[in-house]
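Asker: Below is one structure. I have some questions about it.
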Amino acid sequence: MLSATEALSRLKEGNRRYVSGVREPAANQAQRDALATSQEPFAIILGCSDSRVPAEMVFNSGLGDLFVIRVAGNVVAPSQVGSVEFAAARFGTRLVVVLGHSNCGAIDATLEELQRPSEAQSRNLRSIVDRIRPAVVALLATDLRHDHEALVRHAVRANVMLAVDHLRHGSDILEQLIQKDGLQVVGAEYSIETGKVEFFD
Ligand SMILES: [Zn+2]
């Protein structure tokens, strides 16, 4: 299994290929056969469901490379934590990336809800907004509230870092793996405009 550092380099390299227009060849039968009974994904990606941010494509990765969890707003609820725990413990994957992105509709919806609360929102959608709210509420008390674009940019990052923090400290299993086995959880942002992924830290 790749170390977290090696996995990070591989993701960065894959994103460079994606930006330059290289396409991963389609999977063939030999690959499917090799992966039929086992897998060793080298990274776990928690990303947004947005149709413009498919993790496998933006990291130019192939069958069996990435363990991907997608949910609107890349929020961390118990089932996401459980999915990360499962992959890290079962497959030995050592890198977790929380992947936010520019122009995220879930972030927009949360900011809108905070600025103009409505009763119409469904309880289920509200459960996503409620997970994003703690990341962005403080930003609305700053001058950023007068500049919507800057506000969304900061909110995307704050939401990623909240999810990173939650994964680092909200699970005994992950905390153990971080302390003893070199697991790393990092934040990143995908630019819908350029195709580039910028890793934080
Ligand atoms: Zn999104």
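Asker: Work from the charge dipole of the chain (Cβ charges, +1 for Lys and Arg, -1 for Asp and Glu, about the Cα centre) and give the residue of Thr142, Pro117, Tyr18 farthest towards its positive end.
Answerer: The one lying farthest along the dipole's positive direction is Tyr18.
Asker: Only Lys, Arg, Asp and Glu count, each charged at its Cβ (+1, +1, -1, -1), so figure out the dipole size of the chain about its Cα centre, rounded to 20 debye.
Answerer: Details: 21 positive and 25 negative charges, 39 e Å.
In total the dipole reaches around 180 debye.
Asker: Over the chain, what is the relative contact order in whole percent, taking alpha-carbon pairs under 8 Å and six or more residues apart? Numbers along the way, then the final one.
Answerer: Details: 306 pairs, mean separation 50.9, N = 201.
Answer for the chain is 25 percent.
Asker: Follow-up. Once fully extended, how much extra length lies between Arg168 and Glu112, figured as 0.36 nm per residue of separation less the alpha-carbon to alpha-carbon distance?
Answerer: On the way: separation 56, 0.36 × 56 = 20.16 nm, distance 2.87 nm.
Result: 17.3 nm gained on full extension.
Asker: Taking only Cα atoms, what is the 0 to 90° angle, nearest 10, from helix 105-115's long axis to the longest principal axis of the chain?
Answerer: With rounding to tens, the tilt is 20 degrees.
Asker: How much accessible surface area, in Å² rounded to 10, belongs to the heavy atoms of Val58 with a 1.4 Å probe?
Answerer: Result for Val58: roughly 0 Å² accessible.
Asker: If segment 76-192 were replaced by its equivalent ellipsoid, with semi-axes equal to the square roots of 5 times the Cα gyration tensor eigenvalues, what would those be, largest first, whole Å? Display every interim value, and only then the final one.
Answerer: Working: eigenvalues 170, 49, 26 Å².
Computed over segment 76-192, the values are 29, 16, 11 Å.
Asker: Run the numbers for Gln179 and Ala89: contour at 0.36 nm per residue of separation, minus the present Cα-Cα distance, in nm. Could you put the intermediate results ahead of the total?
Answerer: Details: separation 90, 0.36 × 90 = 32.40 nm, distance 1.37 nm.
Once the chain is fully extended between Gln179 and Ala89, it gains 31.0 nm.
Asker: If you put +1 on each Lys and Arg Cβ and -1 on each Asp and Glu Cβ, how big is the dipole of segment 129-179 around its Cα centre, in Debye rounded to 20?
Answerer: Working: 6 positive and 7 negative charges, 18 e Å.
Using only the charged Cβ atoms, the result is roughly 80 debye.
Asker: Also, quick follow-up: By how many nm would the segment from Arg133 to Arg17 lengthen if fully extended, with 0.36 nm per residue of separation less the alpha-carbon distance? Intermediate results must be reported in sequence, preceding the final value.
Answerer: Details: separation 116, 0.36 × 116 = 41.76 nm, distance 3.48 nm.
Full-extension gain reported as 38.3 nm.
Asker: Follow-up question, since we're still on this one. Accessible area per residue, 1.4 Å probe, Å², for the chain: what's the number?
Answerer: Numbers: 10490 Å² over 201 residues.
Normalised by residue count, the accessible surface of the chain is 52 Å².
Asker: Of the peptides 137-143, 189-195, how do they stack up when ordered by the mean number of other Cβ atoms within 10 Å, highest first? Can you show the working numbers first?
Answerer: Working: 137-143: 12.3, 189-195: 15.1.
The most tightly packed comes first, giving 189-195, 137-143.
Asker: Something else about it: For the chain, count the residues as N, evaluate 2.2 N^0.38 Å, and divide the Cα radius of gyration by that value, please.
Answerer: Working: Rg = 17.4 Å, N = 201, 2.2 N^0.38 = 16.5 Å.
Compared with the compact-globule rule of thumb, the chain sits at 1.06.
Asker: If you don't mind, there's one more thing I want to ask. Under the rule of at least 5 residues apart or a separate chain, name every residue whose amide H is placed under 5 Å from the amide H of Ile45.
Answerer: Phe67, Val68, Ile69, Val97
Asker: Still on this structure, I have one more. Starting from the 7 Å offset along Cα-to-Cβ, what nm value, one decimal, do you get for the label separation of Asp143 and Gln39?
Answerer: Going from the Asp143 label point to the Gln39 one covers 4.8 nm.
Asker: Can you work out the Karplus-derived ³J(HN,Hα) for every residue in segment 17-27? Use 6.51 cos²θ - 1.76 cosθ + 1.60 with θ = phi - 60°, whole Hz, and x for glycine or proline.
Answerer: 4, 4, 5, 7, x, 6, 10, 5, x, 4, 5
Asker: OK, next. Extending each Cα 7 Å along its Cβ direction at Arg153 and Leu63, get the distance between those two points in nm, one decimal.
Answerer: 4.2
Asker: Considering only Asn74, Leu151, Ile107, whose Cα is most displaced toward the positive end of the charge dipole of segment 50-201, charges sitting on Cβ of Lys, Arg (+1) and Asp, Glu (-1)?
Answerer: Of the options given, the answer is Asn74.
The values are calculated or read from the model by the stated rules, or taken from the named source; none is laboratory data. Small disclaimer: the values here were computed from a predicted structure and weren't measured. Methodologically, a virtual Cβ is constructed for each residue, glycine included, from the backbone with ideal geometry; neighbour enumeration extends over all protein chains shown. Quick note on the areas: whole protein, heavy atoms, side chains included, nothing else; ligands and nucleic acids left out. Shrake-Rupley method; radii C 1.70, N 1.55, O 1.52, S 1.80 Å.
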